[in-house]
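The values are calculated or read from the model by the stated rules, or taken from the named source; none is laboratory data. This is a predicted model, so every value here is computed, not measured. Here Cβ is always computed from backbone atoms with ideal geometry, including for glycine, and neighbour counts include all displayed protein chains. Only protein heavy atoms, including side chains, enter the accessible area calculation; ligands, DNA and RNA are left aside. Shrake-Rupley method; radii C 1.70, N 1.55, O 1.52, S 1.80 Å.
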Amino acid sequence: MMPTMTQTQVKITTDAIDPRNVRAIELADGWHDITECELVQFAVGESHSPITPSKVYPALRYKNEFSKLVRTPLNKVLGFSEEPQNRR
């Protein structure tokens, strides 16, 4: 007797945002206003040329509220906003 496969239809709603439109991200310590956001593949590898990492991770590269260049793995981001959050 062959097992039967059951298919279930699932409705999925997708809400997409262009990284260039992200103005704030929520991290574990709260909201951070950001600029110049890009989606990148982040890797760490041995320091030889060219770098040949064994793993790459999806990340956001952006300037934080202090104009410092930051790379944050996507799995650390809790939320996105297209509006600055004016964290105080």
Among (1) within 12 Å of the chain's Cα centre (by Cα); (2) modelled with pLDDT of 95 or more, which single condition is Tyr57 missing? (2)
Would you mind listing the strands (runs of 3 or more DSSP E) fully within the stretch 1-46 where at least 3 residues are surrounded by fewer than 10 Cβ atoms within 10 Å (Cβ to Cβ) and touching a residue at least 24 places away in the same chain (Cβ under 8 Å)? none
Please work out which one of (1) open to solvent by less than 100 Å² (accessible area, probe 1.4 Å); (2) assigned to a strand (DSSP E or B) is the condition Asn86 fails and give its number. (2)
Test for Thr35: is it in contact with a Gly (Cβ under 8 Å, 6 or more places away or on another chain) and of a type outside the set (Gly, Ala, Ser): no
Kindly indicate the residue of the stretch 60-79 that is over 8 Å from the mean Cα position of the chain (by Cα) and among the hydrophobic types (A, V, I, L, M, F, W, C) and also least open to solvent (accessible area, probe 1.4 Å) among those meeting that condition. Val70
Does Ser54 fit the bill of being exposed (fewer than 12 other Cβ atoms within 10 Å of the Cβ) and of a type in the set (Ser, Thr, Tyr)? yes
